1. Want the number for Asn283 to Ser761: 0.36 nm per residue separation, take away the alpha-carbon distance, what's left?
2. Excluding ligands, DNA and RNA, what is the solvent-accessible area per residue of the stretch 687-757 at a probe of 1.4 Å, expressed in Å²?
3. Please calculate how many Å² of accessible area the stretch 531-676 carries per residue, with a 1.4 Å probe and no DNA, RNA or ligand atoms counted.
4. What FRET efficiency do you get for Phe721 and Leu797 if R0 is 25 Å and r is their Cβ-Cβ distance, rounded to the nearest 0.05?
5. What does the C-alpha gyration tensor say about the overall shape of the stretch 512-622? Classify as rounded when a/c is under 1.5, otherwise prolate if a/b is larger than b/c, or oblate.
6. Under a 1.4 Å probe, what is the accessible area of the stretch 222-338 per residue, stated in Å²?
7. Beta carbons within 10 angstrom, averaged per residue: use that to sort the peptides 579-586, 379-386, highest first.
8. Could you rank the peptides 801-808, 496-503 by their average count of other C-beta atoms within 10 Å per residue, with the highest value first?
Amino acid sequence: MTRPHAGTPARAWLRWSWRDLRAHWVAVAAIAMVLAIGTGVYAGLGSTAAWRRESNDASFAALAMHDLKVELSPGTFVPEGALLAALEASSPDGDVVAARERLVVWSQVDSAPIGNDDPVLVPARIVGMDFSSEGPVDAVWIREGTIPGAGTGLLETKFAEAHTLPPRGELMVAGGGRLPYTGLGASPEDFFYEGPEGTIFSQSELAILYMPLTTAQRLAGRAGRVNDLVLRIADRTRRDAVRDRLATALDARGISALITTREDSDSIRVLYEDIDNDQRFWNALSGLVLAAAALAAFNLLSRIVEAQRREIGIGMALGVPRRQLAIRPLLIGIQIAVLGTLAGVGVGLLVGIAYGDLLRSVLPLPVHLTPFQPQVYARAAVLSMAVPIIASALPVWRAVRVEPIQAIRTGHLTAKSSRLTDWTRHVRLPGSSLGQMALRNVLRTPRRSLFTAVGVAAAITALVAVLGMLDSFGRALDQADAELTRGGRDRVVVQLDTFHPIDSQVVRAVAASPGVARVDPAIRVPVTASGNDGGMLDVLVEVLDFDRARWTPSRTRTAGTGGRPGIVIAGKAADDLAVVPGETIRVRHPALLPGGAIGLTESEFVVSGIHGNPMRLFAYVDLGDAGAFGLGGVTNVINAYPAAGTTPGALQRQVFDLPGVTSSQPVTRVSEAIDEALDTFTGFLYVTALAVLALALLIAFNATRITLEERRREHATMRAFGVPLGSVVGVVVRETVVVGVVATVLGLLAGTVFLRWMLGSLAATTMPDVSIATYVAPTTVVVAGLVGVVAVAAAPLFLVPRLKRMNLPDTLRVME
């Protein structure tokens, strides 16, 4: 050990630093990559909120999202120009900078190719507008294809993607024949939309068609008529005044209309509200990954620095100031900190690209912005810089505080105070001395062994948490699918345009279709339920015959109703409403009022049971209690079952053109729609899982490598006494297996606890409509075992060439 030259201390420290970097470059690079993965995942997930917000702002601005929207009452149409005339009369001072009349009507389409046995028969919303020039308000973004001309249209892009439809094709429109579409696109109010039944899972169940106004008027049989107006205002602070004046002008002309703002749009509300909820979930997950990387890096680096303890002791014995001796090990921490931070930027950019591609696929917007987020990277960089420095400072601080003779001690002398080693001396272990050596090595240095296990366990914790989320989501989907398809997967749900008597011609026509073997009429109505704690939920109630219908919901934890109307709800709904079977909830629902009108009323229902679907949206009432809705003897939904030799797709085609039928979908489409709604989460989780798996393998390999480096003198001694190389490697493998088993158990326990917390707190806020129980699949346990045990145990095998090349005299040239 020589002192640095007094005149050039900086150059001396740099030379020492460079020498140490070359000596430990594998360990330095590996630990830096551990930190880089943690930093990159944290920065990538932490940037999504800003990316989504900026992309939303730019997309809505690019298509000139309306400030006010006028929707005429259902069934009301006025001549073209009437709405613009009312607007001009109400705002003569130039508050309105752009306005456009439209025709918006409902229909039904079959978008499957002709001759395809798997039809896509769904409700359609036809939007007629002016395509002669770039729209001044609520323009349509054409993602693929060209502007539609007379007799053609554009198909909404999310619907096309959900059903794997080509960018150009032909649709069958009910009552209108074939309609070619020239491309795919979306208007700003349709970036997110709800389907006819108002469920979040129905974006793929509604086809939106944009077309020239004259084409829409021809299809709807409304020549020269409109029923919708959208407009932009120069100064949004005057929006309320413009709305009030416009409402007055419409009333004066006898036009009944609903005027809404841009904030009332589902597109604005959902896309912005979901950002903060989702980000809390991703922050917790990315924080776990970063914490696991930091903990593992701390452990690995502190062990590297502890390996220099003897050199520090020799320096103190030679009189080198302790302050100078502390600088050299700290330089290793600084090297790792700098490399890890720089590499973290690169990993973050790569992870960000993957996350950005997911956002583009899940949220098709005209503008996607993924700018570098320096504040997010700065937060991760602070931790990735601090951890290596602290990890190197602590063992240095312990080394320089002891007497030189204590720091110089190596090998068994540094571990002789272990009580576990003393205890094992009195216990007869099976096997030979070499067979016992692995366990005794682990117990001889318990703190070091435990820290190694904790470092590997940190990565397994993150791995189990991420894979466990995928397991839990998948199990919830399987439960929903199993509940909806009980008794067979061939059921087709036929939606009618309104309520019809059960013995009406519409119902008889569906039942008489050649491919229909059986029909079970039902009633489906959206309601609002409130429970004991005042909470309110929107649910979809289906009224069906519990005794005779072929499909009925499962019922558990049942209770009597005492002759009062009963309702079967989901377990998630019961928890959110704070009720148990036998208790009463209040339901606000549509009802047939005296005189034939349909209005809203409130009734009390007894919770008669809990069904097995984890979706709280679904609730069921027996047909005998339909009188509570005032809907006895009518139906608006028919569960149809195909005859032998008839596929569900063929049945759909047979009922497509029947009067009164608005849509028909196999019941399996509900499960598929739920799966599509969770694509955002599962996509991010898959990318994160890959990063965490790489992190876990890297930590496992590096921990084993450091262990082998620490015990190189012991291995040299064994080989000098003639122990075969295979036996030496066997000791190392068995030792790492013991540490790996402990790490796997710790990781599985900690990962399950974190998973339960994530699903119980954050997921309940992010996905309130789904009950997701904690579930760790056997495959996840196997993966954790492969990483924690097999990967750790296999790592020494990659270092066998190094053991073969070991110079025994040089390695043993250390005198106590």
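1. In short, 170.8 nm is gained.
2. Accessible area per residue, the stretch 687-757: 40 Å².
3. For the stretch 531-676, the per-residue accessible area is 40 Å².
4. Numbers: r = 23 Å, r/R0 = 0.91.
Once rounded, the FRET efficiency stands at 0.65.
5. Oblate shape, in that a/c is at least 1.5 and b/c is the bigger or equal ratio.
6. With all protein chains present, the stretch 222-338 gives 41 Å² per residue.
7. Working: 579-586: 17.2, 379-386: 20.4.
Most protected by this proxy first, the peptides run 379-386, 579-586.
8. Numbers: 801-808: 11.6, 496-503: 15.2.
Top to bottom by mean Cβ count within 10 Å: 496-503, 801-808.
The values are calculated or read from the model by the stated rules, or taken from the named source; none is laboratory data. Model, not experiment: these values are computed from the prediction. As a convention, Cβ positions derive from the backbone with ideal geometry for all residues, glycine included, and neighbour counts pool all protein chains shown. Areas reflect the complete protein model, heavy atoms only, side chains present, ligands, DNA and RNA absent. Shrake-Rupley method; radii C 1.70, N 1.55, O 1.52, S 1.80 Å.
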